[in-house]
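Written out below as structure tokens is the structure these notes cover.
Just so it is clear, none of the values below were taken in a lab; they were calculated from the coordinates. Just so it is clear, the structure is predicted and the values come from calculations on it, not from any experiment. Cβ: placed from backbone, ideal geometry, glycine included. Neighbour counts: every protein chain shown.
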Amino acid sequence: MTGTVSGDVRRIAALAWPVLVGQLAIIAFGVIDTAMVGRYAALDLAALGLGSSIYVSVYISLTGILTALQPVAAQLYGAQRDAEIGEEVRQALWLALVLMVIGGAILYFPGPLLDLARAPEALRERTVDYLRLLSFGLPAGLLFRIYSSLANAVSRPRLVMFLQVGALVLKVALNRWLIFGGLGVPALGGPGCALASTAINWALAAFAVLALTKIDVFEPFGIFRHFCWPHWKRQAELLKLGIPMGLSYLIEVTSYTFMAIFIARLGTTTLAGHQIAGNIGAVLYMTPLAIGVATSTLAAQALGGNRPAEARTLARHGILTALTIACAFALAVFLLRPLIIGGYTPDPAVAAAAMPLVAIVALYHIFDALQVTTAFALRAYKVAVVPTVIYAVALWGVGLGGGYALGFDVTGNLPAWATGARGFWLANTASLMIAGVGLTAYLSRVSTRYLRESPRS
């Protein structure tokens, strides 16, 4: 039995709004970092832009692998197989242990990645300091992702939201202290916000463990009831879904990361303008991301309960809801971009560099909303390989390859408005459109197959 549009939207909204609030609190970390460091020094803002691009690529890729726990646990929850959920969480913890070693090494020794940016020595030094401090918080970040994936899977996103909002309050205070100095601590600039983030990650991880042991909703899973070694079959199942998901995140994020690396060649002012545009795009992304998480959770639970028609309808209604909201946001950003940019920087040169990029971000956001909600709907079906191929072709081929060709005017005869940082953003927008259309077509095929194969169809 499928629901009405209004009924499904209410169900999705009930789960999406806590995810949105929590994600906005986390993305506000980056906004606050950008705003505060931008008032400290242009060099530190450029280092923040370059360093955060590298960090996000590593963090999102690794946590993307662990996010495989969410559809797995949601289907088990829908099928009322609670004991198996606890086993999956324990296996995810072992997987996180391996991932933290890999990610920590990349962040602590970022030289090969920085070589691609051809950054000046002063910018390189500040970026290395920033990334090394963040490397110490990575293990805690991975642990918290396991907690958030489980809480979302069992329809308890508020348990994540409360911690994330609390972290934001602490972030503002720590940033102000560590970036600008005080109480005997020297001004650290950009690396100061990295130190603040690392401290907060460990606080979040500690509270997550406490919640898993004390809150009643997690008790039936028996997560810490006994010790277990890695179970290779379950690890293989997590990786079968998690690796393509992590690769999808990697492709999506590196299409932006390498934009920043290549745009760094165009100068500090251009890179700072790109950082502002990227921050705005990231804030906008949180709404369709929240809708995608909620839609995926409900669809996965329906599939676990052998209700494929309900899962298909929920996916469709979630995607349409995200697109409607995205169109409204895009119009608002386009009309209000001078005021929005003014809130980021008092530097007129940086504001001028950001202005055309933010106009492109308005259109970019609509296609971003389509692709992210559709991708999450596919994950409810435990489908990730084909979406990864679509991402690779669209985001790396069209987005990054096309962006390089436009941005650096490879042919030598492009109009000025299509080159430089604008060229990169235009190509990335086109790539998201291609990805969104491709993912939508594949979702239709997958959901139709589930309907046909269901015993109740």
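Here are some notes:
- Using 0.36 nm per residue and subtracting the Cα-Cα separation, the extra length available between LEU331 and HIS231 on full extension is 31.0 nm.
- Exposure proxy ranking, count of Cβ atoms within 10 Å, fewest first, for GLU84, GLU121: GLU121, GLU84
- Taking label positions 7 Å along the Cα-Cβ direction at both VAL98 and ALA418, the computed distance is 4.6 nm, reported to one decimal.
- Label point 7 Å beyond Cα of VAL385 along Cβ direction - residues of segment 248-269 with amide nitrogen under 17 Å: 248
- Average Cα contact separation per residue, segment 5-453, under 8 Å, 6 or more apart, as relative contact order %: 22 percent
- Scanning the chain for long hydrophobic helices, with DSSP H runs required to stretch 15 angstrom or more by C-alpha along their axis and to average at least -0.5 on the Kyte-Doolittle scale, returns 5-38, 42-66, 82-108, 121-135, 138-153, 158-180, 190-214, 232-263, 268-304, 308-342, 348-380, 420-453.
- Listed residue (LEU150, GLY342, LEU97) projecting farthest to the positive dipole end of the chain, Cβ model: LEU150
- Ranked list, fewest to most other Cβ atoms within 10 Å of each Cβ, for ASP115, ASP44, ASP129, ASP82: ASP115, ASP82, ASP129, ASP44
- The chain, helix-only ellipticity at 222 nm - DSSP H runs n ≥ 4, -39,500 (n - 2.57), divided by all residues, nearest 500: -28000 deg cm²/dmol
- A full extension of the chain between LEU339 and GLN80 corresponds to an added length of 88.2 nm, given 0.36 nm per residue minus the alpha carbon distance.
- Here the residues TRP417, TRP202, ranked from fewest to most Cβ neighbours within 10 Å of their Cβ, fall in the order TRP417, TRP202.
- Segment 5-453, dipole about Cα centre (Lys/Arg Cβ +1, Asp/Glu Cβ -1), debye to the nearest 20: 700 debye
- Among 430-440, 372-382, 211-221, sorting by the average number of other beta carbon atoms lying within 10 angstrom of each residue, highest first, gives 372-382, 430-440, 211-221.
- Projecting the Cα atoms of ALA309, GLY111, GLY189 onto the dipole axis of the chain, where Lys and Arg carry +1 and Asp and Glu carry -1 at the beta carbon, places ALA309 farthest toward the positive end.
- Rounded to whole numbers, the Karplus 3J(HN,Hα) couplings from phi for segment 223-231 are 4, 10, 5, 8, 8, 8, 7, x, 9 Hz, using 6.51 cos²θ - 1.76 cosθ + 1.60 with θ = phi - 60°, and x at Gly and Pro.
- Comparing LEU426, LEU24, TRP232 along the charge dipole axis of the chain, the residue lying farthest to the positive side is TRP232, per the Cβ-charge model.
- Two-site label geometry, THR324 and ALA405: point separation in nm, points 7 Å out along Cα→Cβ: 3.8 nm
- Extension gain from ALA392 to LEU210, taking 0.36 nm per residue of separation minus the Cα-Cα distance: 61.6 nm
- The modelled label-to-label distance between ARG265 and LEU239, using points 7 Å beyond Cα along the C-beta direction, is 3.6 nm.
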